[in-house]
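Visitor: Below is the structure I would like to discuss, written out as structure tokens.
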Amino acid sequence: MSAEAQVGLGDKLGRMRRSFRGWRGQRPFWGGLLTLLGGIPIMYFPYANLTLGTMTIRMATTAGAGSLIIGVLLVVLGLTMWFQPHSRIFAGVAAILLALVSLVVSNFGGFVIGFLLALTGGALGISWAAAKPAKKSAKGQADSSDHGAPEPAAAGAANGVSGTTDDLSGTSPDNGTNGRHRAG
């Protein structure tokens, strides 16, 4: 492999890494990952066989099907947080509830490992909020003076107060009625 090929490969990996970082920043990535990883021990342990010498230890319970369902649902909820970030609150609440149910149904939630991972992932999914893009100043740099405060014109328009009279009910101070209704 020549030096030019390695430079091209490094540039491609760098672009892929930046692309992945941008994708990861637009969704609750860590919440989805922990929820997904929490489902694996919950669905694995009831079907696992551990052999120590000639002795076989089996963790199978009568609720093996329930453990499988809970584990698969946690994996699906983790993927939902990744690929449907707008439904992150539903997925996070469902992950927390399934983690709590797994304590009773599947060997203490996959020996508490799956329970803690799913519980933490669900909480991260609920608490995640999309980053707001930084406003650019006239110089092209991010403006840090306002710290995300709404502009006065935008704040007034959001509250229904603007320079024009758009309230035809007779209750707006802009149209001279001072909050009183007209009779008739």
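The values are calculated or read from the model by the stated rules, or taken from the named source; none is laboratory data. Only a predicted model underlies this, so the values are computations on that prediction, with no experimental measurement involved. All Cβ positions, glycine included, derive from the backbone under ideal geometry; neighbour counts span all protein chains shown. When the accessible area is computed, the model is the full protein with side chains, heavy atoms only, and any ligands, DNA or RNA have been set aside. Shrake-Rupley method; radii C 1.70, N 1.55, O 1.52, S 1.80 Å.
Visitor: Take G78 and tell me if it is at pLDDT 60 or above, open to solvent by less than 50 Å² (accessible area, probe 1.4 Å) and assigned to a helix (DSSP H, G or I).
Guide: For G78, the condition - at pLDDT 60 or above, open to solvent by less than 50 Å² (accessible area, probe 1.4 Å) and assigned to a helix (DSSP H, G or I) - is met.
Visitor: Tally up the residues in the stretch 43-57 that are open to solvent by 80 Å² or more (accessible area, probe 1.4 Å) and not polar (S, T, N, Q), please.
Guide: 5
Visitor: Sticking with this structure for a sec: Only residues that are closer than 24 Å to A65 by Cα, outside any helix (DSSP H, G or I) and open to solvent by 50 Å² or more (accessible area, probe 1.4 Å): list them for the stretch 83-129, please.
Guide: Passing the criteria: only V112.
Visitor: Would you check which residues across the stretch 24-42 are within 19 Å of G71 (Cα to Cα) and open to solvent by less than 50 Å² (accessible area, probe 1.4 Å) and list them?
Guide: F29, G31, G32, L33, L34, T35, L36, G38, G39, P41, I42
Visitor: Taking into account only those residues within the stretch 130-150 that are open to solvent by less than 80 Å² (accessible area, probe 1.4 Å) and either modelled with pLDDT under 60 or hydroxyl-bearing (S, T, Y) (or both), which is nearest to the chain's Cα centre (by Cα)?
Guide: Only one residue tops the list, namely G148.
Visitor: Please enumerate the residues belonging to the stretch 11-43 that are in contact with a helix residue (DSSP H, G or I) (Cβ under 9 Å, 6 or more places away or on another chain), touching a residue at least 12 places away in the same chain (Cβ under 8 Å) and over 17 Å from G121 (Cβ atoms).
Guide: Q26
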